[in-house]
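Everything below concerns the one structure shown next.
The values are calculated or read from the model by the stated rules, or taken from the named source; none is laboratory data. Here the structure is a predicted model, which means the values were calculated and not measured. Neighbour counts run over all protein chains shown; Cβ positions are idealised from the backbone, glycine included. Note: accessible area is taken over every heavy atom of the protein model, side chains too, but ligands, DNA and RNA are not part of it. Shrake-Rupley method; radii C 1.70, N 1.55, O 1.52, S 1.80 Å.
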Amino acid sequence: MRYIVFVVFGFFVTCRAFSQQPREATPDVLPRPDFHFPGEVGRTYLDSDKSQFPKPVKAPKGAPNILLILLDDAGFGQFSTFGGGVPSPTMDKLAAEGLRYTRFHTTALCSPTRAALITGRNHHSAAFANITEVATGYDGYTCILPKSCGTVGEVLRQNGYMTAWIGKNHNTPPWETSQAGPFDRWANGLGFDYFYGFNGGDMNHWNPVLYENHNLVPASTDPNYHLTPDLADHAIAWVRQVKSIAPDKPYFLYVAPGATHAPHHAPQEWIEKYKGQFDSGWDAYREATLARQKKLGVVPQDTKLTERSPGLPAWDSLNADQKRLYARMMEVFCAYGAHCDYEMGRIVDAVKQLPGGDNTMIIYIAGDNGSSAEGGIEGSLCENMFFNGFPEKWQDNLKAIDELGGPKHFNHFPSAWAHAMDTPFQWTKQVASHFGGTRNPMIISWPAKLKDKGGVRSQFLHVIDIVPTIYDVCGITAPTMLNGVQQKPIEGVSFASTFAEAKAPEVRKTQYFEIFVNRGIYHDGWMASARSFEPWNPNRGDFDPDKQKWELYNINEDYSQATDLAAKNPEKLRELQDLWWVEAAKYNVLPLDWRGSIRFNSEAMGRPSLIRGQTSMIYYPGTIGLPDAASPSMINKSWTITADVELPDDNTKGMIVTHGGLEGGYGLYLSGGIPTFVYNFLGTERFTFAAKEPLPKGKTKLVVDFKYDGAKGEAGKGGEITLTANGKKVAGGRLVKTIPVQFSLGEGLDIGMDVGSPVDFSYKLPFKFTGKIEKVTVELK
C-alpha cells in the first residue's frame with residue numbers, strides 16, 4: 001500500500017511515499033535507557049527469576065546497507081554519465097540500474113556541504129558557513145559542529161548499523177586535529193566506528209598524512225603508492241570484515257576521496273590515456289558537453305549554453321604555448337577523475353558481492369560543489385599560492401609541463417577549465433548564487449527496490465535532503481534528543497517518493513544559498529542570484545551587500561540560468577530578496593562576511609589555539625604529523641629555532657625539524673653532516689642556507705635565528721637568517737620574502753623525520769635523523 005503524509009514546517013514539506021512496510025518506530029530519544037531486569041530478584045539466583053540479557057539493538061527489519069560516495073570539487077558537466085568528457089564507467093553502471101538526479105544541489109563549498117550532508121541541516125545551522133580554515137566566532141561560522149546537530153553516523157550507529165568513514169574529513173576544527181585532541185569531533189566522535197583518511201580540505205596524493213581512527217598512519221613504502229587506491233582498499237577491507245563477522249547487521253559506509261580537489265595527482269599511465277583529447281579547448285568542450293547532455297536527457301532539450309563567465313579568456317585568444325600547457329593540465333585532471341571513478345568502482349563491486357548486496361542503497365554524488373576555479377586564470381603549480389593571495393604566471397608553469405600530476409607539484413588547472421566542467425551553467429565552486437557552484441550530479445542505485453532502471457529525476461533537491469531520505473528508507477526516527485542534547489529539527493526533506501515516481505510532486509519549496517556573500521534563493525521555480533567576487537581572485541576589497549547586483553531566473557523554463565529576468569519582473573525579484581533575508585535570519589547566515597585571504601590567518605581571526613600566547617615551545621623526538629593549526633605560527637614575525645642534538649659522526653644526516661612541505665614551509669636538516677636551513681616560498685622558490693663544512697661528532701646546539709623586517713601588521717616582508725652551531729655562525733643571509741598567510745594547507749611540524757611531502761627535493765622521505773635529538777625549542781619574537 002502506498003501512503004503519503006505531509007507535515008508542513010515553514011517552507012518545507014516532508015514527504016514519506018516510498019513503498020515501505022510498516023515498521024515498529026525507533027525511539028526519538030537516543031541512546032535507549034539502560035537495561036533493567038524485568039523479573040523478580042530474590043536473595044539468591046535460586047529464588048530469582050531466570051536471568052536475561054538486554055537485547056542487542058537491531059536495525060529495523062529490511063533496513064538496507066548504505067554506501068554513500070562523495071567526490072570532491074566536481075562539476076555537473078565533468079563526468080561522462082552527465083555528458084562530460086571525463087570517463088566514469090562506475091557512474092554509468094549505477095545510472096543504468098538506478099536513477100540520475102539532474103536538479104540536486106550542494107552549498108558551493110567543501111566543509112559546508114559535508115556538514116549539511118551528515119546532519120540534514122543547512123550549513124549555517126550546523127555552524128559551517130565556510131571551510132574550517134576560515135572560521136570566525138559567530139554562531140553560523142565557528143565550524144564547531146553543534147551537539148544539537150547529530151550526525152547520520154551517530155543515529156544509524158545507535159540504531160543497529162555498523163559505520164565507517166573513509167577519506168576526507170573536513171568537519172573537524174583545525175585546532176582540534178592534533179594528537180592532543182579533543183577527539184569528540186573527529187570522525188570517530190561523530191558516530192563512525194572506523195575512520196581511515198585525512199583531516200583537512202585537501203591532501204597530497206603521493207605523500208599523504210593519514211590517520212586510522214586517532215593514530216597517524218606510517219608512510220607507505222610502495223614506490224607506486226597513490227592515495228585513492230589506498231582509500232578504496234581500506235573501504236573494501238572494512239566492509240568485507242564487518243559483514244563476515246556480522247552478516248545480518250547493515251552498514252553505513254561513507255567514502256569521501258580527495259579527488260578531484262587539487263592537487264591534481266594522477267598515475268602517469270592514466271594521464272597518457274587522454275593525451276590530445278582536450279586540444280580543442282574549453283569553449284569547444286562546453287558546446288560538445290551540452291550536446292551530449294541533451295542526447296542523454298540529463299538537461300531539457302531547450303537548455304541554453306550560458307555565456308562564458310566574465311573575466312575568463314576565450315580559448316582562441318591564447319597563444320600556442322598557453323594552449324599546450326592548459327590542454328595538458330586538463331589531461332591530468334581528466335586522468336585524476338577517471339582514476340577516482342575506477343577506484344570507486346572497486347568499492348561498488350565489493351559491496352555488491354557481499355550478503356545483502358541487492359539490498360544496498362548506493363548514493364553517488366559527483367562533487368561537494370562545482371569544479372574549482374582556485375587554480376587561477378593561468379593555472380597553478382601550488383594551490384597554496386591562491387590561499388596566500390598570489391597569482392601565478394603561465395610562463396613559470398610551462399617549465400613544469402612534463403611534471404604535472406607527479407609528486408613535485410600541487411598543481412591545479414586554469415579557472416576556465418573549471419567553468420567548462422560546470423557546463424551548461426555559469427560560474428564555479430564558491431559561487432553559491434549560480435548553479436555552476438551548486439548543481440552536482442547524483443546517482444542512486446538500489447537493486448532490491450528501484451524499478452525504473454536508468455530513470456531520470458528532475459525534482460529540485462538539496463544536500464540536506466540526503467539524511468531524512470536515509471532515515472525514511474531505513475525506518476528510523478530522527479531523534480529529538482541525542483546523547484542528552486535536544487536536537488535541532490531536521491531541515492531537509494525525504495525525497496524517497498521520487499524512487500518510484502518520476503513525476504512525484506516537488507518536496508522542496510524553498511532553499512537559500514550563501515558562501516562568501518554569493519547569495520541565492522530558490523522558491524517555487526524561481527531563483528534570485530547575487531554574485532559577490534570572482535572565485536579565482538582571493539584578494540577582496542571593500543564591498544557593500546546593499547549594492548550587490550541581483551539577477552532573476554525562471555528555472556522551470558530556463559534550466560541553466562541563461563536569461564536574467566530581473567529587469568522584466570522587479571516585483572518577483574523583490575519578493576525573493578526579502579525572502580532571502582528571512583531565511584538568512586532563520587538559519588544563522590548573518591552576519592555577512594566577504595573577507596578573503598585574511599580569514600586564513602588564524603591569529604588575525606582569533607581562532608582557538610593550543611599554543612596561542614606562548615612565546616617559547618619545546619618539542620621532543622616523536623612529535624610528527626602535527627597539523628599546521630597546532631604548530632607555531634611563524635608568519636610575519638621574528639623567531640628562533642634551537643635544536644640540541646648529538647651527532648654520532650661527521651656524516652650525520654636527516655631532518656631535525658620541519659614545518660610544511662611541498663606547498664610551503666621550512667626545514668632544518670643535516671646532509672653529509674652539513675647543517676642546512678631551507679625556506680620553501682609556496683613551492684616557487686626555495687631559499688637555502690647551508691654551512692660549508694660538516695659538523696663534528698658530539699653535542700651541538702644548532703640555532704636558526706630570523707629577524708623580520710616588517711613592522712607589526714606588515715605581512716610577507718623579508719629578513720635576515722643566521723645559522724649558528726655552538727655559538728659560531730656557519731651560514732646566513734637575506735630571506736627576501738616570506739609567506740604572508742599560511743605555510744601549508746595541512747602539513748605542520750615534524751621532529752626527527754619528515755612526514756608528508758618534502759620541503760625540498762634534496763633528500764628522500766622520511767629522511768629520519770641518524771643522530772640523537774634532545775629537544776627542539778621554537779621561540780616567537
Residues being open to solvent by 20 Å² or more (accessible area, probe 1.4 Å) and either of a type in the set (S, T, N, Q) or out of contact with any helix residue (DSSP H, G or I) (no Cβ under 8 Å at 6 or more places or on another chain) (or both): count how many of those fall in the range 279-291.
4
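Can you give me the number of residues within the range 216-228 that are loosely packed, with under 14 Cβ neighbours inside 10 Å and within 30 Å of P64 (Cβ to Cβ)?
0
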Quick one: which strands (runs of 3 or more DSSP E) sit completely within the range 509-554 and have at least 3 residues that are touching an Asp or Glu at 6+ places or on another chain (Cβ under 8 Å), among the small types (G, A, S) and crowded, with 19+ Cβ neighbours inside 10 Å?
526-530
Checking the structure you have, find out if any residue of the range 686-704 is modelled with pLDDT under 95, open to solvent by 10 Å² or more (accessible area, probe 1.4 Å) and assigned to a loop (DSSP other than H, G, I, E, B).
no
Inspect the range 91-114 for any residue being in contact (Cβ under 8 Å) with a residue 12 or more places away in the chain, of a type in the set (A, V, I, L, M, F, W, C), open to solvent by 10 Å² or more (accessible area, probe 1.4 Å) and touching a strand residue (DSSP E or B) at 6+ places or on another chain (Cβ under 6 Å) and give the result as yes or no.
no
Among the residues of the range 206-225, is any assigned to a loop (DSSP other than H, G, I, E, B), within 24 Å of Q353 (Cβ to Cβ) and not small (G, A, S)?
no
Of all residues in the range 362-405, which are surrounded by fewer than 24 Cβ atoms within 10 Å (Cβ to Cβ) and under 25 Å from K449 (Cβ atoms)?
I363, I365
State all residues of the range 248-260 that are within 12 Å of H205 (Cβ to Cβ) and open to solvent by 10 Å² or more (accessible area, probe 1.4 Å); if no residue qualifies, say none.
none
Restricting the first residue to the range 730-746 and requiring it to be under 24 Å from A691 (Cβ atoms), which pairs with a second residue that is open to solvent by 20 Å² or more (accessible area, probe 1.4 Å) and basic (K, R) meet a Cβ separation below 7 Å and a spacing of at least six or different chains?
T738/K717
Counting only helices (runs of 4 or more DSSP H) wholly inside the range 69-157, the ones holding at least 2 residues that are closer than 27 Å to F387 by Cβ and within 18 Å of the chain's Cα centre (by Cα) are 110-119
Test I624 against the criterion of being in a strand (DSSP E or B) and open to solvent by 20 Å² or more (accessible area, probe 1.4 Å), and give yes or no.
no
When you look at I444, is it open to solvent by less than 10 Å² (accessible area, probe 1.4 Å), over 24 Å from G596 (Cβ atoms) and not in a helix (DSSP H, G or I), yes or no?
yes
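Which residue is modelled with the lowest pLDDT, if the candidates are limited to the range 8-39 and must be of a type in the set (V, I, T), open to solvent by less than 80 Å² (accessible area, probe 1.4 Å) and not in a loop (DSSP other than H, G, I, E, B)?
Keep residues of the range 8-39 that are of a type in the set (V, I, T), which gives 8, 13-14, 26, 29.
Next, only the ones that are open to solvent by less than 80 Å² (accessible area, probe 1.4 Å) stay: 13-14, 26, 29.
If we keep only those that are not in a loop (DSSP other than H, G, I, E, B) as well, we get 13-14, 29.
Working: V13: 34, T14: 37, V29: 98.
Among them, the one singled out is V13.
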Restricting attention to the range 156-188, which residues are in contact with a Leu (Cβ under 7 Å, 6 or more places away or on another chain) and aliphatic (A, V, I, L, M)?
A164, I166, A180
Condition first: of a type outside the set (D, E), within 22 Å of P505 (Cβ to Cβ) and touching a strand residue (DSSP E or B) at 6+ places or on another chain (Cβ under 8 Å). Now tell me which residues in the range 444-453 satisfy that.
I444, W446, K449, L450
When S372 is run through (1) under 19 Å from the mean Cα position of the chain (by Cα); (2) assigned to a helix (DSSP H, G or I), the failure sits at (2)
Note: among G727, G771, just one is touching a residue at least 24 places away in the same chain (Cβ under 8 Å), open to solvent by less than 40 Å² (accessible area, probe 1.4 Å) and of a type in the set (G, A, S), namely G771
Tell me which of these D578 doesn't satisfy, since it passes every other one: (1) part of a loop (DSSP other than H, G, I, E, B); (2) loosely packed, with under 15 Cβ neighbours inside 10 Å.
(1)
Restricting attention to the range 601-621, does a residue exist that is open to solvent by 30 Å² or more (accessible area, probe 1.4 Å), among the polar types (S, T, N, Q) and assigned to a helix (DSSP H, G or I)?
yes
Output the qualifying pairs, or none if there are none: Cβ atoms under 8 angstrom, residues six or more apart or on different chains, first residue in the range 551-579 and touching a residue at least 60 places away in the same chain (Cβ under 8 Å) and closer than 22 Å to G370 by Cβ, second residue among the aliphatic types (A, V, I, L, M) and open to solvent by 20 Å² or more (accessible area, probe 1.4 Å).
S560/L305; A562/L305
Please count how many residues of the range 229-247 are in contact with a strand residue (DSSP E or B) (Cβ under 9 Å, 6 or more places away or on another chain) and either open to solvent by less than 30 Å² (accessible area, probe 1.4 Å) or at pLDDT below 95 (or both).
9
